[in-house]
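Engineer: I am attaching a structure below and will ask some questions about it afterwards.
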Amino acid sequence: MQAETPPGLEMDQLFVNGERQHMARYPDYDPEVRPYNGYAADAFSPERAARWSDPTGGYIHAMHRAHWGGYHYRITGKDAENAVTYEGGWQNNRQMGMHDEHRFVENIFEELDAPGEWFHDARLGRLYYYPAEGLDITTAIVETACLKHLVEFQGTQADPVRHIELKGFIFRHAARTFMETKEPLLRSDWTIYRGGAVKITGAEDCAVSDCEFDQVGGNAVFVNKYNRRIAVRGSHIHGAGASGVCFVGSPDAVRSPCFEYNERLSYRDVDKTPGPKSDEYPADCMVEDCLIHNVSVVEKQATGVQISMSSGITVRHCSIYDVGRAGINISEGTFGGHIIEYCDVFDTVRETDDHGSFNSWGRDRFWQLEDAPEEELGELAMLDCEKTVIRNSRWRCDRGWDVDLDDGSSNYEIYNNVFLRGGLKLREGFHRKVYNNIGINCTLHAHCWFSNSGDSVTRNIWMKACANPISMCEGEWGDEVDRNMFIDEWQRDMFILKGWDVHSVAGDPMFTDPGSGDYRVKDGSPAFEIGFENFEMGRFGVTKPGLKAIARKPVFPELNFDVQQDRRWGKKDAGKWKGALWLGAAVAALDGEEFSAFGVAKEDGGVHLVSVPSGSDAAAAGLMAGDVVQRIGQEPVRTAEDLLEVSKRVSGEFEIGIVRGQNAQSIVTEIAKV
């Protein structure tokens, strides 16, 4: 079907009878496929592009190589050999290039070949549409979105917008903004577009209440820079192209900010004054009683609630699910003081990897600070972050961790939570207090703790042995990891050998009704011996009747009392190292969550240098324990067998491609024979 369009019309989204249709794309849209509802390695190959008369104005969408979000590009044309030219790719702040396979193209006329697809030729003023199956085009309502923002609050700290409430509105069908997502957030994977269907700048005591955000193209609500006491309550956000609700301050408020992941500060030069240096950030705001689902439809570095360079944000009684990445994301420690409570977050990280239903990092002033005295790092970590509390919530992530406190996340108190699948990860931060949580078929994951972390993990129920600590020296276990409960004495005893859980117990927790999600323990449970206390199980997620009636709940897993998998892991870890020797170094292929710990994509593989003795050829070549070898010369190394086999074929000077501190680099060695 064809229709004429007026001159100058920019058409980014098309809706038929209120439902978003798909730009002409390759491969075709398939709701059962992830990521991107369809992908192909040859999405813009010269062979494919030879079919296109002029792809200018089309888009390339591709996952980040390590699945840390995605990239978007605008096609600018093709050359005589049908190689596509394009611009963009600024949507991810940790540049590693496109995934080789997970990519697709859209807005190309020749790919208009499936029901529900459309293409707009702005030069000719013509809209083409392939009607969806069963559609009566004669009665259909056909609409397009033109505006990126539908309502804006525009004030300043000196002259703020005050006391305005948007109540009972439906915000529908704003334009997409993925090509404008380019401002880097602090040392994160994120870039951001400062806008949304509702954008709030310079406001105080304002609210968005009982509203619906239906298939907006970018962020639904964006709370930008200086704002105080902004509330989003009782609202339903679904089908958003990017994030649900964003709180993002100005980097001008941050002392000694860094932007790209690899930027480093020196102890001598860093500003050591506590707290922010201006008020240009959201504070004392909340998202309460909201249903947020099926967001990150277009942009994959997106979340249900995003918090960055903000203070005292409360997220309470929210149900968040069907998200490509995290359900709730806190981008850094600046400025902390947040409360996450009574939330129900699940079916997350559906199209990405190495993440959690809750995700945070704390790459603040202290993090990887050059020449900093180790004994001062714990104090330096507190310069930016007030305590953040995560409590009384339910979490499930099937493709990562239920709660993932990543690089440097510090000053957290985590209690009265139910973890339903991926457990809790604590990496490389300070002052985390974890107590009175329940891990169903899951456990604690400890990565790269500082020797003086001050971490405490007590009075929790773990249904698996605590995962093998990664990149941690013996004995560096924080203040206290003890008085926990396991389901098997062997699980407990494995960590008594490491100095953990000396006073922990083992046995059946005796949950009240696990099939319906009631994980309170009955009278007589061994959990009471460690000081565990029951907490409420019926208050997770939205409470507003209209939203609660349509909100989904997570799948409650069948309890798994089989500890054989833990026993297999224990044999591997019990001092019986089975790896290989290379250049005098002990090496082993990466496995499981080690990929995350070392910042390496699973499809790239790699071999971890477990130990590098002084005086060894590996040490002479400049290699260090903790390096990951991925390349010898130009040949890839994915396993220990690869490393040994490829090394036999080299002689004289050769190059070793490694990952050190999550950064790719190369070392040239003159060792004559490996």
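Engineer: Stokes-Einstein at 25 °C, 0.890 mPa s, Kirkwood radius from Cα pairs: D for region 415-521 in µm² s⁻¹?
Structural biologist: In µm²/s, the coefficient is 177.
Engineer: Right, here's the next one. How much of the DSSP beta bridge set in region 131-272 is antiparallel, as a percent to the nearest 5?
Structural biologist: Of the beta bridges lying entirely in region 131-272, close to 5 percent run antiparallel.
Engineer: Just flag the GluC sites (Glu not before Pro) in region 590-657 sitting in loop per DSSP whose Cβ has no more than 16 other Cβ atoms within 10 Å.
Structural biologist: In loop regions of region 590-657 (DSSP not H, G, I, E or B), the sparsely surrounded GluC sites (Glu not before Pro) are Glu603, Glu653.
Engineer: Of the DSSP beta bridges with both residues in the chain, give the percent that are antiparallel, rounding to the nearest 5.
Structural biologist: Antiparallel bridges make up about 35 percent of those DSSP assigns within the chain.
Engineer: Follow-up. Ignoring ligands and nucleic acids, what accessible area does Ser278 show with a 1.4 Å probe (Å², nearest 10)?
Structural biologist: Result for Ser278: roughly 40 Å² accessible.
Engineer: Measure off 7 Å from each Cα along the Cα-to-Cβ vector at Asp205 and Trp490, then give the distance between these two points in nanometres to one decimal.
Structural biologist: That separation, rounded to one decimal, is 6.4 nm.
Engineer: If you average the alpha carbon positions of region 120-149 and of region 393-446, how far apart do those two centres end up, in angstrom?
Structural biologist: 46
Engineer: In region 439-514, which GluC sites (Glu not before Pro) are in a loop and have at most 14 other Cβ atoms within 10 Å, using DSSP for the loop call?
Structural biologist: Glu474
Engineer: For Lys277, what charge total do you get from the other residues with a beta carbon under 13 Å from its beta carbon, if Lys and Arg give +1 and Asp and Glu give -1?
Structural biologist: In short, -2.
Engineer: Moving on. So, in Å, what gap is there between the alpha-carbon centers of region 479-509 and region 313-351?
Structural biologist: Between the Cα centres of region 479-509 and region 313-351 lies a distance of 30 Å.
Engineer: On to the next question. Stokes-Einstein diffusion coefficient for region 235-363 at 37 °C in a medium of 0.692 mPa s, Rh from the Kirkwood formula over Cα pairs: what value in µm²/s?
Structural biologist: Once the numbers are plugged in, D ends up at 215 µm²/s.
Engineer: Continuing with this model, one more query. Roughly how far apart, in whole Å, are the Cα centres of region 609-674 and region 165-212?
Structural biologist: Cα centroid to Cα centroid, the span is 47 Å.
Engineer: Quick one: Karplus J couplings for region 422-435, per residue in order, coefficients 6.51, -1.76, 1.60, θ = phi - 60°, nearest Hz, x for Gly and Pro?
Structural biologist: Calculated HN-Hα couplings, in order: x, x, 10, 10, 10, 10, 6, x, 9, 6, 9, 10, 10, 8 Hz.
Engineer: Something else about it: For region 385-473, what is the charge dipole size about the Cα centre, in debye to the nearest 20, if Lys and Arg each add +1 at the Cβ and Asp and Glu each add -1 at the Cβ?
Structural biologist: Roughly 340 debye for region 385-473.
Engineer: What is the gain in length, in nm to one decimal, between Leu147 and Arg539 on full extension, counting 0.36 nm per residue of separation less the C-alpha to C-alpha distance? Show your work: numbers first, answer last.
Structural biologist: Numbers: separation 392, 0.36 × 392 = 141.12 nm, distance 3.78 nm.
Gain on extension, Leu147 to Arg539, equals 137.3 nm.
Engineer: From the helices alone, meaning DSSP H stretches of at least four residues, give me the mean residue ellipticity at 222 nm for the chain, per-run term -39500 (n - 2.57), in deg cm²/dmol to the nearest 500.
Structural biologist: After summing the helix terms and dividing by residue count, I get -1500 deg cm²/dmol.
Engineer: Rolling a 1.4 angstrom probe over the protein heavy atoms, how many square angstrom per residue are accessible across region 54-182?
Structural biologist: I get 49 Å² per residue for region 54-182.
Engineer: What distance in nm separates the simple spin-label points at Arg51 and Gln665, each placed 7 Å from Cα in the Cβ direction?
Structural biologist: The answer from the label model is 4.5 nm.
Engineer: Considering only protein heavy atoms and a probe of 1.4 Å, how much of the accessible area of region 194-299 is carbon and sulfur, as a whole percent?
Structural biologist: Result for region 194-299: 43 percent of the exposed heavy-atom area is carbon or sulfur.
Engineer: Would you be so kind as to identify which of Trp401, Asn107, Asn663 lies farthest towards the positive end of the dipole of the chain, taking Lys and Arg as +1 and Asp and Glu as -1 on Cβ and the Cα centre as origin?
Structural biologist: Trp401
Engineer: Hey, any idea what the orientation-averaged projected area of the convex hull of the chain's Cα atoms comes to, in nm²?
Structural biologist: Result: 32.3 nm².
Engineer: Another question, then. Filter the trypsin sites (Lys or Arg not before Pro) in region 344-376 down to the DSSP loop ones having no more than 14 other Cβ atoms within 10 Å, then list what survives. If you can, show how the numbers build up before the last one.
Structural biologist: Numbers: sites: Arg350, Arg363, Arg365; in loops: Arg350, Arg363, Arg365.
Sites meeting the loop and neighbour criteria: none at all.
The values are calculated or read from the model by the stated rules, or taken from the named source; none is laboratory data. None of these values were measured; they are calculated from a predicted model. So basically every Cβ, Gly included, is an ideal-geometry build from the backbone, and we count neighbours across all protein chains shown. The protein model used for the area step is the full one, side chains on, heavy atoms only, and it has no ligands, DNA or RNA in it. Shrake-Rupley method; radii C 1.70, N 1.55, O 1.52, S 1.80 Å.
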